[in-house]
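Worksheet for the structure shown next.
Derivation of every value follows stated rules applied to the coordinates shown; laboratory data play no part. Quantities reported herein were computed from a predicted structural model and do not represent experimental measurements. As a convention, Cβ positions derive from the backbone with ideal geometry for all residues, glycine included, and neighbour counts pool all protein chains shown.
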Amino acid sequence: MVKTLKLLILGINYYPELIGIAVYNTEMCEYLAKKGYDIQMLTGFPYYPFGVDFSSWHKEKKSRFKIFLNEYINGVNIKRVNLYKPKKTSITKRIIHESSFLFLATIRLIFSFEKYTLIICVVPPLLLGLVAYIVSKLKGIPFVFHVQDLQPDAAVELGMLKRGLFTSFLYAIEHFIYNKADYISTISEGMRNKIINKGFAKDKVKLFYNWANTEMLKPMTKDNPFAKRHNLDKKFVVLHAGNMGEKQDMRVILEAARKMKTDNSICFLLVGRGSKRGFVEDYMKKNALSNVLLLEVQPKSVVNQMFSSADVALITQTKEVKNIVMPSKVFGPASVEKPLIVAAADDCEIFKVVKKYNFGIVITPEEPNELVAAIDRLKKDRKWAESMGKNGRLFMIKERKMEKIIDQFEQSVLRNYNGKRKKRLKVNWVQN
């Protein structure tokens, strides 16, 4: 690298949040910082998933009455803005939550005198792209729009919003941002095709996969402190770890647990939060599911132990979920050689990937009997399960290793970029 390039990363999620997009933002920023880039991360005060207690962070940072806050962690300059954090979520509260972040992020950036080489905007929230566009125009720098979740499509397909004036407005904003971005990137082939079908050239819409840190996530014995602490070391553990939201079918997991509750050798381990957490708690209580262990999001220090405590990991999507998202909860279990059971439509990216690389069983979504049969099959045939687990780690190392993915991103973005503003940033993204 001839000169230090100053990158502005925009994203609502970052460390100390421990799941979802925050992990990717944090690992990308810290990895690029180690390689010598000047990384400026503009993000919010921690909140995700809703309901997680970040009071220790707020106490340490004395942030109670602060609007803005600066941190420097592992080589990354973090610029935070406060935001509205609802205790219970609804569509209206989510809009207020996102709007509070967007407003303060815009204010902070407009009145900043710092100069940047490139903006990388990570969404959701979709409207953060407008902030990236405004800053791009005012400061004369290019921006790349990285899509982790097709927010308007997800809201419509999951029935959270009905098509009408509001969704038309969202789609118009989405099209405007896509059009103004120098390049669009996204995390799966299916999502890329969806964006292309909205009317954008193939060479503008590129792949930038999510990944796993396979150096941190490694296979280890089930005889570990986490498993022993929760009495899992002698059980056959069926794991769901991550968000419990509208895209995740928690009901099918709970119904499978109810059908298998007489088998004392099996434990369903559910870890995380989300809009369906209350439903999970109520179902467990109503059906007296003593074979289900429900835990909060776990600290980074025990994540490897948690995944290694499982015998199989679940990815359960509703029928409505097509190619609007690529679930990141795949990568942790696969990295530690745990086979997957994937309940998803057959045209979903995750369905195709797991089947192609043979690191799990794919079943029909929303079918508890199929889920029970798949769990029972893996429990009985441990050698087959172990073989698929090894295939999963091999896939992660060859295709989704963090260093490989981010290095491709680095080389592609900077290859034809000389530090001067161009009419269009020449980005030749490397595609697998």
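Observations on the model:
- Ellipsoid equivalent to the range 108-169 - semi-axes via the Cα gyration tensor, in Å: 29, 12, 8
- Estimated D of the chain in µm² per second, where Rh is the Kirkwood radius over Cα pairs and Stokes-Einstein applies at 25 °C, 0.890 mPa s: 109
- Full extension of the segment from R251 to K137, taken as 0.36 nm per residue of separation minus the current Cα-Cα distance, would add 36.4 nm.
- Where chymotrypsin sites (Phe, Trp or Tyr not before Pro) fall in DSSP loop in the range 1-95, at most 12 other Cβ within 10 Å: F65
- Between the Cα long axis of helix 277-286 and the first principal axis of the chain there is an angle of about 10°, rounded to the nearest 10.
- Selection among Y47, I141, H230 by position relative to the dipole of the chain gives I141 as farthest towards the positive end (Cβ unit charges, Cα centre).
- Size of electric dipole in the range 1-124: Cβ of Lys, Arg +1 and of Asp, Glu -1, about Cα centre, debye, nearest 20: 360
- Amide H contacts of V271 (H built 1.01 Å from N, in plane; Pro and chain starts excluded): H240, A241, G242, L295 sit under 5 Å, all sequence-distant by 5 or more or on other chains.
- Candidates S168, F268, V280 compared by Cα position along the dipole of the chain: farthest toward the positive end lies S168, with charges placed on Cβ.
- Magnitude of the charge dipole for the range 346-414, about its Cα centre and with charges confined to Cβ atoms of Lys, Arg (+1) and Asp, Glu (-1), is about 520 debye.
- Under the combined filter of DSSP loop state and at most 14 neighbouring Cβ atoms within 10 Å, the range 76-158 retains these trypsin sites (Lys or Arg not before Pro): K87, K88, K115.
- Cβ crowding within 10 Å ranks S275, S309, S112, S55 as S55, S112, S275, S309, fewest other Cβ atoms first.
- Placing unit charges on each Cβ (+1 for Lys and Arg, -1 for Asp and Glu) gives the chain a dipole about its Cα centre, and among L207, G392, V292 the Cα reaching farthest toward its positive end belongs to L207.
- Under 14 Å, Cβ to Cβ, from I96 - net charge with Lys/Arg +1 and Asp/Glu -1: +4
- The protection proxy used here, the mean number of other Cβ atoms lying within 10 Å of each residue, ranks peptides 352-361, 152-161, 204-213 as follows, highest first: 204-213, 352-361, 152-161.
- Sites listed here are trypsin sites (Lys or Arg not before Pro) in the range 157-195 whose DSSP assignment is loop and whose Cβ has at most 12 other Cβ atoms within 10 Å: K162, R163.
- For the chain, size of Cβ-based charge dipole, Lys and Arg +1, Asp and Glu -1, in debye: 1000
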